[in-house]
Amino acid sequence: MKWLDQPAEHYADKLGADAAAGTLPDVVNVSPDLSHPLAAAGMLMNLDKEKAAAAFKDEYTPEAWQGNALPGLAGTYAFPWYLNTGPLFYNKALFRDAGLDPEKPPKTYDELFAAANTMARKSGGRIATLAGTPSVEDFGRYGVRLMNDDATAFTYNEPKGVELLTRYKELYDHGGLDPQALTNTPEKAGQKFLEQKVAMNPGGAHDLETFKKNAPGLYRRLGITDAPNNTGKPNMYVMGLAVNKQSRHKAAAVAFAHYVTNRKNQEAFAHKVAVFPSTRGSLEDPYWTRDDGTDEGRVRVASAKMLKGAVNYTPVVMSDEMKTVLKNEVAKALQGKKSPRQALDDAAAASNRLLKRD
Amino acid sequence: MRRAPAPAVRTHRATSPWLFLLPGLAVVSAFGLYPFLTTVHQAFTDARTLTPGTWVGLDNFRRMLDDEQFWVALRNSGLYVALVVPFTVLLPLLLALLVQKPLKGVAFFRAAFYTPVVASVVVVALIWGWMLDDRGLVNGILRVLGAGPVDFLGDAWLLLLSAMALTVWKGLGYYMVIYLAALGNVPHELHEAAAVDGAGALRRFVGVTVPAVRSTMVLVAALSSVSAFKVFSEVYLLAGPTGGPAGQDTTLVMLVQRTGTGLAGRVGYASALSLVVFVIALLLMLLVLRADRKEDR
């Protein structure tokens, strides 16, 4: 067995090059958006159809197994591996300065917009609440239907989506979003939160260490909450291990993918890094249910709780190019160059065109 | 006396040059020629990262005409050439004239001007990003002076201009060195003669220096126009992967990167875009060199 670590950056390109050259490894670490094009090109094993693999199905939570299923391809193409969900960090001092209750962060989008408007008004436009524009996950959590049932067309331009973007536009005009929100990358947004220029920022458990080291002042006033949500279903990221359909060692590959993702190994892995196991019953372990008094423990328990009933909002057929299309059209709406309706119509139309050429 | 037999190497006279060339040719063919020909071929297919694709003729090029992003990118890459090249031709020449004088401590300045060339573009762009941030160094100074804040990184035009300034600044040292070499060949007597005839510094610059280094200026123009047209890193790093607000700062090479990478990458379309970049860059180069020849006549 040869284990090769790959950096996350340009991972998709590396997989693409390997797949095109016929040198895809026997077992591959994939998220559903990566497994979809590979499976569509006939390169991954359909685990539901392979008896030896389907036998393990009950070892994983139904959400996780479902999370690796691919629309239009009738099957699950990866063993569920770790899950993750991000808390939303906020700056209690900035909340207090704006006259907002630092112990009651916004839970719904209504509350978020209200808090952000107050923040902008009270700080004289100096402090923005968010550093980024709404992502596809925001549309999902707001309750917008993102795609039709067979995942052949985007539907985020329905009235609910237009409503969300219209409200973001008002927020942007009132200084609720960072002036550079249209171009901020997640790294830049994180940096602005670190510099206490924005009041809220999504992140992960691993960010706590960064805060502690680089911004102890912020760390002392750090609030941790869930991302605002109108659906009651938080967002989660799912990772999986897929088996190469053309593998010459199929039985060994299935056995190895299962071995890495079995309960014992997933739990051991999740004790070492800030991720969550996708095996049935794992999250009932006290490690993920009992707050041990540390901040890490608090984030861990809160995130584990969120994972129950969480879904992966990002449609698996949505390529990076389609995400860019949405981001750029959202930016045009925020700039006032297009109406929110027009911008979302255009984004959906352009993405559907890209989808059809698959 | 018996003549010695002809050396064995003679019999290989026809093949030996090729044998010497072979290693170089192999490398060029494998890493230059073959990828180029593949790109040309794929430009006429609907290939994707994971599927080889079928022949679609001129479809990709027709699609380009309807692609709003393509026109934005073409405009930006064109503007990059139009605004960056004059500065990279002129400023390094002035800089070279400054540091050419054998003054005390001039070596320090020569090295200092060259430093940005050695620095990684990623590092330099990150530093510029921090400086131009709405609460960065530049806006801090502007605020002290009672101006600003200027939204360098939030406004599409300012972003593009900032990236251009970065490109010019980073290239100064490189072209300065080329000019220094050329200036060293300008006969000193010409300057002296002009000075005796009463020409001032400006007159000598226009009348003596510029004509003497004109072919170098053309070389710099040709080099910098091709690299300005193919700009990627500066804009990508300052404007972000989406190409600035609403993608308004996307350049052609950024568009190639965006459409052609990832598992769902449209390799056929990206190849067609690359071909367009190649042809325009080639035309630019020929145009500059032709202008030089015309002046020679």
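Residues whose amide H lies under 5 Å from that of A:Ala128, counting only those 5 or more places away or on a different chain, are A:Ala199; hydrogens are built 1.01 Å from N in the peptide plane.
What pairs from A:Lys197/A:Lys233; A:Lys14/A:Lys49; A:Lys92/A:Lys308; A:Lys327/B:Lys170; A:Lys49/A:Lys245; A:Lys197/A:Lys323 go past 19 Å between their alpha carbons? Long pairs (Cα-Cα over 19 Å): A:Lys197/A:Lys233; A:Lys14/A:Lys49; A:Lys92/A:Lys308; A:Lys327/B:Lys170; A:Lys197/A:Lys323. The HN-Hα couplings worked out from phi for the range B:270-287 by the Karplus form 6.51 cos²θ - 1.76 cosθ + 1.60 (θ = phi - 60°) are 5, 5, 4, 4, 4, 5, 5, 4, 4, 5, 5, 4, 5, 4, 4, 4, 4, 4 Hz, whole numbers, x standing for Gly and Pro. Between the amide H of A:Lys338 and those of A:Ala333, distances stay under 5 Å, these residues lying 5 or more places away or on another chain, with hydrogens modeled in the peptide plane. The ranking of A:Met318, B:Met254, B:Met64 by Cβ neighbour count inside 10 Å, starting from the fewest, reads B:Met64, A:Met318, B:Met254.
Rounded, prolate or oblate: which fits the range B:71-249 when a ≥ b ≥ c are the square roots of the eigenvalues of the alpha-carbon gyration tensor, with rounded for a/c under 1.5 and prolate only if a/b beats b/c?
Details: a/c = 2.34, a/b = 1.82, b/c = 1.29.
It comes out prolate by the Cα gyration axes.
Label positions at A:Thr108 and A:Lys264, each projected 7 Å from the Cα along the C-beta direction, are separated by 4.8 nm.
To the nearest 10 degrees, how steep is helix A:295-307 against the longest Cα principal axis of chain A, on a 0 to 90 scale? For A:295-307 against chain A, the angle is about 70 degrees. For B:Ala156, neighbours were defined as the other residues whose beta-carbon sits under 13 Å from its Cβ, and their charges (Lys and Arg +1, Asp and Glu -1) total 0. Helical runs assigned H by DSSP (4 residues or longer) give chain A a calculated mean residue ellipticity at 222 nm of -13500 deg cm²/dmol, each run adding -39500 (n - 2.57) before division by the residue total. Taking the longest Cα principal axis of chain A as reference, the axis of helix A:159-173 is set at about 50 degrees. Restricting the range B:193-229 to trypsin sites (Lys or Arg not before Pro) that sit in a DSSP loop and have at most 14 other Cβ atoms within 10 Å of their own Cβ leaves nothing.
What is the fewest-to-most order of A:Ser123, B:Ser224 by other Cβ atoms lying within 10 Å of their Cβ? Intermediate values should be presented prior to the final figure.
Details: A:Ser123 16, B:Ser224 24.
Lowest to highest Cβ neighbour count: A:Ser123, B:Ser224.
Which of B:Ser274, B:Ser29 comes first, and how do the rest follow, when ranked by fewest Cβ neighbours within 10 Å? Don't skip to the answer; put the middle values down first.
On the way: B:Ser274 20, B:Ser29 13.
Listed from fewest to most nearby Cβ atoms, that is B:Ser29, B:Ser274.
How far is helix A:320-335 tilted off the main Cα axis of chain A, in degrees rounded to 10, range 0 to 90? With rounding to tens, the tilt is 10 degrees.
Database remark: amide H of A:Ile224 closer than 5 angstrom to the amide H of A:Tyr90 (H placed geometrically; neighbours at sequence offset of 5 or more, or on other chains; Pro and chain starts carry no H). Derived scalar couplings between HN and Hα for the range A:256-271 equal 5, 4, 5, 4, 5, 9, 6, 4, 4, 6, 5, 5, 4, 4, 6, 7 Hz in order, rounded to whole Hz, by the Karplus curve 6.51 cos²θ - 1.76 cosθ + 1.60 (θ = phi - 60°), x for Gly and Pro. Scaled to the globular estimate 2.2 N^0.38 Å, the Cα spread of chain A, given as radius of gyration, is 1.03. 3J(HN,Hα) along the range B:75-85: 4, 5, 5, x, 4, 4, 5, 4, 9, 7, 4 Hz, from the Karplus curve 6.51 cos²θ - 1.76 cosθ + 1.60 with θ = phi - 60°, whole Hz, x for Gly and Pro.
Each value in this text was obtained by applying a stated rule to the coordinates, not by laboratory testing. Everything quoted here is computed from the prediction, not taken from an experiment. Don't worry about glycine lacking a Cβ; one is built from the backbone with ideal geometry, like all the others, and counts go over all protein chains shown.
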